[in-house]
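Presented below is the structure to which this report refers.
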Amino acid sequence: MSMEQQHVPLSVTLPLRQGLKSLMLKNPILTASGTFGYGLEFAPYVDLTALGGIVVKGLSLKPRKGNALPRVAETPCGMLNSVGLQNDGVEAFLKDKLHRLPWQTTPVIANLYATAADDFAELADILSREEGVAALEVNISCPNVSEGGILFGQDPMLASHVVSAVKRRSGKKPVIVKLSPNVTNIMQIAMAVEDAGADMISCINTLTGMAVDIRRRTPLLANVLGGLSGPAIKPVALRCVWQVCRSVNIPVIGVGGICSAQDVLEFILVGAHAVEIGTANFHRPDATMCILRDLESLCNELGIKDLEKYRGSLRIM
């Protein structure tokens, strides 16, 4: 290694509330729920032990078939999806998948989906007993299912109610709350979930969108509406992360359109402790490894020696 190419420590500590151990990540690169399967599907392309964390696809109490086909459509600079949180259910995940993930070396974060606060709480209770689960990410903001999620994510009182229910049953597991951008004031929602006991916030989930076929005169998605993700939403995600970081005192994980090491540093610059990589995984399965490889080089190029000191150092002119 040359004198110019210095080793930059990429490890991240997510400080948590009293009574919980801080969540330690070897680097700030996590995967976004719904874009990385259960993690196992990407093992041929990604060194799972090199990631900062793995956020698995949304888990419900019972298996979900998801929405009707077609449920994915390409858009300029992104994609629409209305998969509808298809999954095998929490019990199948614990029985067949969790033990095959490298949870001893890489934090595995379970993403929870339900349509009622009591069901969210039951999921938290089940997962809180699992040694291999490092944290719980509560999805109160999925825009492509017909019931539940989007309502919780748009109302501060309902969001607070769900988070309180989860915290009562989550034991020593940190609770991350994933916020929707489809709101008038995301800061208000962020403060409400912090007050309800959230240990961390991840934002943003997808934006609600649609696409149509002018020749067939039909929607491209059977569900009509879907979640827009990819580079097209990065400016919105960056704005939301900046606003939320200025509004709460708990760690924030940035999500939305992150495709490069520069994108990662942009989110850290506005205050994020870590990021989740989503749609980029569909473009190339090894996207996380490429971004991680480039991150240290970019830090060297910019003279960044400590990510924690760089975090939140945005200068407002």
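The values are calculated or read from the model by the stated rules, or taken from the named source; none is laboratory data. The structure displayed is predicted, hence computed values, not measured ones. Note that we place each Cβ from the backbone using ideal geometry, even for glycine, and neighbour counts take in every protein chain shown.
Restricted to segment 113-161, and to residues that are β-branched (Val, Ile, Thr) and assigned to a loop (DSSP other than H, G, I, E, B), which residue is modelled with the highest pLDDT? Steps first, please.
Just the residues of segment 113-161 that are β-branched (Val, Ile, Thr), to begin with: 115, 126, 133, 138, 140, 145, 150.
This time we only want the ones that are assigned to a loop (DSSP other than H, G, I, E, B), so: 115, 133, 140, 145.
Details: THR115: 87, VAL133: 98, ILE140: 91, VAL145: 53.
Ranking the candidates gives VAL133 first.
Scanning segment 23-62 for residues that are of a type in the set (Gly, Ala, Ser) and in a helix (DSSP H, G or I) yields a single hit, ALA50.
Pick from segment 64-105 the residues that are among the hydroxyl-bearing types (Ser, Thr, Tyr) and assigned to a loop (DSSP other than H, G, I, E, B): which of them is farthest from the chain's Cα centre (by Cα)?
THR105
The set of residues in segment 200-224 that are buried (at least 18 other Cβ atoms within 10 Å of the Cβ) and assigned to a strand (DSSP E or B) comprises MET200, ILE201, SER202, CYS203, LEU207, GLY209, PRO219. Being over 17 Å from the mean Cα position of the chain (by Cα), of a type outside the set (S, T, N, Q) and over 30 Å from LEU220 (Cβ atoms) is a property that holds for LEU61.
Which count do you get for residues in segment 162-193 that are touching a residue at least 12 places away in the same chain (Cβ under 8 Å), out of contact with any Asp or Glu (no Cβ under 6 Å at 6 or more places or on another chain) and either over 10 Å from VAL138 (Cβ atoms) or not in a helix (DSSP H, G or I) (or both)?
As a first pass, look at segment 162-193 and keep what is touching a residue at least 12 places away in the same chain (Cβ under 8 Å): 162-183, 186-193.
Applying the additional criterion that residues be out of contact with any Asp or Glu (no Cβ under 6 Å at 6 or more places or on another chain) yields 162-168, 170-173, 177, 179-183, 186-193.
This time we only want the ones that are either over 10 Å from VAL138 (Cβ atoms) or not in a helix (DSSP H, G or I) (or both), so: 164, 168, 170-173, 177, 179-183, 186-192.
Residues that pass the stated criteria total 19.
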